[in-house]
1. In region A:155-164, what residues are assigned to a helix (DSSP H, G or I) and either buried (at least 19 other Cβ atoms within 10 Å of the Cβ) or in contact (Cβ under 8 Å) with a residue 24 or more places away in the chain (or both)?
2. Within region A:82-95, take every residue that is over 17 Å from residue B:116 (Cα atoms) and not aliphatic (A, V, I, L, M) and give me the one that is nearest to the other protein chains (Cβ to nearest Cβ).
3. Against the definition (at pLDDT below 95 and either out of contact with any helix residue (DSSP H, G or I) (no Cβ under 9 Å at 6 or more places or on another chain) or open to solvent by less than 70 Å² (accessible area, probe 1.4 Å) (or both)), how does residue B:15 come out, yes or no?
4. Of these, A:133, A:71, A:98, which one is away from every other protein chain (no Cβ under 14 Å) and within 14 Å of the chain's Cα centre (by Cα)?
5. Does residue A:41 meet the test of being touching a helix residue (DSSP H, G or I) at 6+ places or on another chain (Cβ under 7 Å), away from chain B (no Cβ under 12 Å) and open to solvent by 20 Å² or more (accessible area, probe 1.4 Å)?
6. Among the residues that make up region B:116-123, is at least one of them at pLDDT 95 or above, part of a helix (DSSP H, G or I) and either surrounded by 22 or more Cβ atoms within 10 Å (Cβ to Cβ) or charged (D, E, K, R) (or both)?
7. If residue B:147 passes every condition in (1) open to solvent by 30 Å² or more (accessible area, probe 1.4 Å); (2) within 11 Å of chain A (Cβ to nearest Cβ) but one, which one does it miss?
8. Can you find even one residue in region A:134-143 that is part of a loop (DSSP other than H, G, I, E, B) and farther than 17 Å from residue A:21 by Cα?
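The values are calculated or read from the model by the stated rules, or taken from the named source; none is laboratory data. Quantities reported herein were computed from a predicted structural model and do not represent experimental measurements. Neighbour counts are summed over all protein chains in view; Cβ atoms, including those assigned to glycine, are modelled from backbone coordinates with ideal geometry. Each accessible area value is taken on the protein alone, full model and side chains, heavy atoms only, with ligands, DNA and RNA left out. Shrake-Rupley method; radii C 1.70, N 1.55, O 1.52, S 1.80 Å.
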Protein chains: 2
Amino acid sequence: MNATATATPELAPESDEAFLSTPFVQQLIKQMRAQDTHGSWEGKTDLQLLKPFIHTAEERRALPILGDPDPETLWHLEIFYNAIAVAIERETGQMVSPMMKMSHEGFGRMVLIAGRLVVVNKQLRDVHRFGFPSLAKLSDAGSKFLTEAVAMIREFPAVAQYGA
Amino acid sequence: MNATATATPELAPESDEAFLSTPFVQQLIKQMRAQDTHGSWEGKTDLQLLKPFIHTAEERRALPILGDPDPETLWHLEIFYNAIAVAIERETGQMVSPMMKMSHEGFGRMVLIAGRLVVVNKQLRDVHRFGFPSLAKLSDAGSKFLTEAVAMIREFPAVAQYGA
């Protein structure tokens with residue numbers, strides 16, 4: 001990690017370093033770097049790379065909520081849940097696939113499925129404004145999904161490994 | 001049911017009557033009738049109503065498989081799985097929701113979810129040509145999904161009722 005407090009002062013209180021190293025955030029950084037096929041983000045710190053997931057209250061208010069969500073926002077939403085899926089795979093050895101359904105105007109549903117088990121089940125609302133107020137909240141949200149999914153797979157192994 | 005062998009001779013060997021009364025096919029007919037908001041299908045027999053789900057070998061060959069599947073075909077595919085979902089609900093009292101993901105060129109995935117349990121899991125291929133060679137095959141396919149889903153819900157009630 002090459003993030004420093006000087007590079008992005010608004011995002012980097014001292015505690016950010018700790019959140020950057022959680023298994024979920026590490027995976028999210030990896031997923032973002034994997035999208036950078038042209039190497040144009042190589043100069044970016046990890047914190048800068050995560051900026052699209054983090055909105056200050058003011059930035060959040062500035063996002064329009066009419067019509068369909070922005071493709072870029074949907075893309076970040078998918079990367080967020082993909083990172084959770086990969087983190088679950090690493091922890092349990094179980095393959096996990098995401099499925100998303102957007103119904104209308106920023107409403108939808110996201111599930112992560114291991115075998116026949118829905119390990120993450122999230123009703124999506126307000127997708128236009130997908131993001132978190134801080135790195136700490138981003139890390140907590142992802143880590144909570146990860147912990148619950150891993151616990152579910154351990155509770156219902158026959159369902160997670162159904163047909164495998 | 002008002003289907004008669006004379007109305008659609010190509011679809012109605014004597015045994016069709018039996019298939020028209022299976023719980024799955026009954027539900028599929030109901031789902032189709034529910035789409036008919038303008039009453040324009042009132043004169044159609046049940047067999048005629050199910051014609052879009054049934055392709056002779058020749059009709060099947062005539063369907064193009066390039067590009068994205070026809071919206072009408074996707075709509076029939078969704079009605080087919082919706083009918084299975086509703087039939088499972090009637091049999092088990094468990095709410096069931098479909099989720100579909102179309103990836104490209106007629107490939108995709110359809111799941112039916114009860115609580116945290118994936119009760120139907122179907123990799124979709126060749127969606128352009130979605131349909132069955134006969135009413136018997138249509139009935140068998142739907143009834144098989146229904147039977148397996150009901151058995152799964154009974155085998156894993158804690159997962160099907162998770163969080164309820």
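1. Residues of region A:155-164 assigned to a helix (DSSP H, G or I): A:155, A:157-160.
If the condition is that a residue be assigned to a helix (DSSP H, G or I) and either buried (at least 19 other Cβ atoms within 10 Å of the Cβ) or in contact (Cβ under 8 Å) with a residue 24 or more places away in the chain (or both), then A:159, A:160 are the ones that fit.
2. Once the filter is applied, the top-ranked residue is A:82.
3. Values: at pLDDT below 95: yes; either out of contact with any helix residue (DSSP H, G or I) (no Cβ under 9 Å at 6 or more places or on another chain) or open to solvent by less than 70 Å² (accessible area, probe 1.4 Å) (or both): yes.
Yes.
4. On the way: A:71 fails: within 14 Å of the chain's Cα centre (by Cα); A:98 fails: away from every other protein chain (no Cβ under 14 Å).
Sole residue among the options that is away from every other protein chain (no Cβ under 14 Å) and within 14 Å of the chain's Cα centre (by Cα): A:133.
5. Values: touching a helix residue (DSSP H, G or I) at 6+ places or on another chain (Cβ under 7 Å): yes; away from chain B (no Cβ under 12 Å): yes; open to solvent by 20 Å² or more (accessible area, probe 1.4 Å): yes.
Taking the combined requirement at face value, the residue satisfies it.
6. no
7. If we test residue B:147 against (1) open to solvent by 30 Å² or more (accessible area, probe 1.4 Å); (2) within 11 Å of chain A (Cβ to nearest Cβ), just (2) comes out false.
8. Of the residues in region A:134-143, the ones part of a loop (DSSP other than H, G, I, E, B) are A:134.
Within this subset, residues satisfying the condition of being farther than 17 Å from residue A:21 by Cα are none.
Within region A:134-143 (the criterion being part of a loop (DSSP other than H, G, I, E, B) and farther than 17 Å from residue A:21 by Cα), the answer is no, since none of the residues qualifies.
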